[in-house]
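The values are calculated or read from the model by the stated rules, or taken from the named source; none is laboratory data. Every value quoted in this text rests on a predicted model; they were computed, and no experiment measured them. As a convention, Cβ positions derive from the backbone with ideal geometry for all residues, glycine included, and neighbour counts pool all protein chains shown. Surface areas here come from the heavy atoms of the whole protein model, side chains and all, with no ligands, DNA or RNA. Shrake-Rupley method; radii C 1.70, N 1.55, O 1.52, S 1.80 Å.
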Amino acid sequence: DAGVIQSPRHEVTEMGQEVTLRCKPISGHNSLFWYRQTMMRGLELLIYFNNNVPIDDSGMPEDRFSAKMPNASFSTLKIQPSEPRDSAVYFCASSSGLAVNEKLFFGSGTQLSVL
Amino acid sequence: QQPVQSPQAVILREGEDAVINCSSSKALYSVHWYRQKHGEAPVFLMILLKGGEQKGHEKISASFNEKKQQSSLYLTASQLSYSGTYFCGLRVNEKLTFGTGTRLTIIP
């Protein structure tokens with residue numbers, strides 16, 4: 001079975017440009033999470049969806065960040081405009097649900113560098 | 001709030017034991033443990049639920065004390081493959097919040 005698929009693996013862009021990160025969760029999983037990882041802050045939860053509906057976006061740092069999940073097999077995280085402090089590894093993860101015993105499966109991540 | 005892990009980093013010789021601790025200021029319903037190798041994604045190790053249970057994975061086991069709001073990960077007879085950063089994740093109101101991480105280095 002294919003795991004969580006993220007694209008691109010690496011993204012280098014200039015400050016002010018729009019960046020779109022993509023994620024395909026594991027088929028049959030109902031919950032999807034976007035995390036950001038930096039040395040300073042570790043793994044931060046940005047937003048999560050259940051059955052394609054955003055449940056909690058309190059971790060989204062600013063209005064420059066937005067996320068969508070138009071269907072069960074696709075989600076995007078968009079940054080517009082991007083800034084150097086957005087440089088990080090962005091992980092997408094999926095799970096069967098939100099119960100306390102549900103484990104997360106992570107994608108390989110997108111390494112974002114904003115110059 | 002982010003759970004706190006200790007120690008932040010540890011270096012072991014192959015075959016030695018280690019304990020990684022995770023504590024929270026909030027009531028816990030479950031504790032997840034993940035391992036991340038350099039340049040890779042975090043990988044699930046185990047989940048512990050309320051009840052003070054222990055679980056094992058290879059020679060890695062963990063305990064969960066909900067009264068103390070703590071969990072500990074025990075690595076015995078460490079192997080080179082155990083190197084990586086270990087994260088605890090705490091489930092509160094559906095959100096899985098990860099700890100600060102513990103970097104484990106195993107040397108031959």
(request) Please identify the longest segment of chain A free of exposed trypsin sites (Lys or Arg not before Pro), where exposed means a DSSP state other than H, G, I, E or B and no more than 12 other Cβ atoms within 10 Å. (result) A:42-115
(request) Quick one: what are the phi-derived ³J(HN,Hα) couplings along segment B:92-101, Karplus 6.51/-1.76/1.60 with θ = phi - 60°, whole Hz, x for glycine and proline? (result) 10, 6, 6, 7, 9, 9, 8, x, 6, x
(request) Could you point to the residue in B:Val92, B:Ser61, B:Trp33 farthest towards the positive end of chain B's charge dipole, with +1 and -1 charges on the Cβ of Lys/Arg and Asp/Glu respectively? (result) B:Val92
(request) Could you work out which residue, out of A:Met69, A:Met40, A:Met15, moves most in a Gaussian network model of chain A, that is, has the largest mean-square fluctuation with Cα springs under 10 Å? (result) A:Met40
(request) Note every residue of segment A:28-54 with a reduction of at least 50 square angstrom in accessible area, all protein chains present versus the isolated chain, computed with a 1.4 Å probe, or write none. (result) A:Leu43
(message) Could you compute how much accessible area chains B and A hide from each other, both sides summed, with a 1.4 Å probe? Nearest 100 Å² is fine.
(response) 1700
(message) Over the Cα atoms of chain A, what radius of gyration and what Dmax do you get, in Å?
(response) 13.3, 41
(message) If amide hydrogens are placed 1.01 Å from N in the peptide plane, which non-local residues have theirs closer than 5 Å to the one on A:Ser87?
(response) A:Val114
(request) Could you look at the protein assembly as shown and say what percent of its accessible area is carbon and sulfur, using a 1.4 Å probe and all protein chains? (result) 49
(message) How long are the semi-axes of the equivalent ellipsoid of segment B:3-47, defined as square roots of 5 times the Cα gyration tensor eigenvalues? Whole Å, largest first.
(response) 21, 15, 10
(message) With a 1.4 Å probe and all protein chains left in place, how much accessible area per residue does the protein assembly as shown have, in Å²?
(response) 49
(request) Counting other Cβ atoms within 10 Å, keep those with at most 13, restrict to DSSP loop, and tell me which chymotrypsin sites (Phe, Trp or Tyr not before Pro) in segment A:1-74 are left. (result) none
(request) Kindly provide the GluC sites (Glu not before Pro) of segment A:39-115 that DSSP labels as loop, not H, G, I, E or B, and whose Cβ sees at most 10 other Cβ atoms within 10 Å. (result) A:Glu62
(request) Could you work out how far the C-alpha centroid of segment A:1-79 sits from that of segment B:1-73, in angstrom? (result) 25
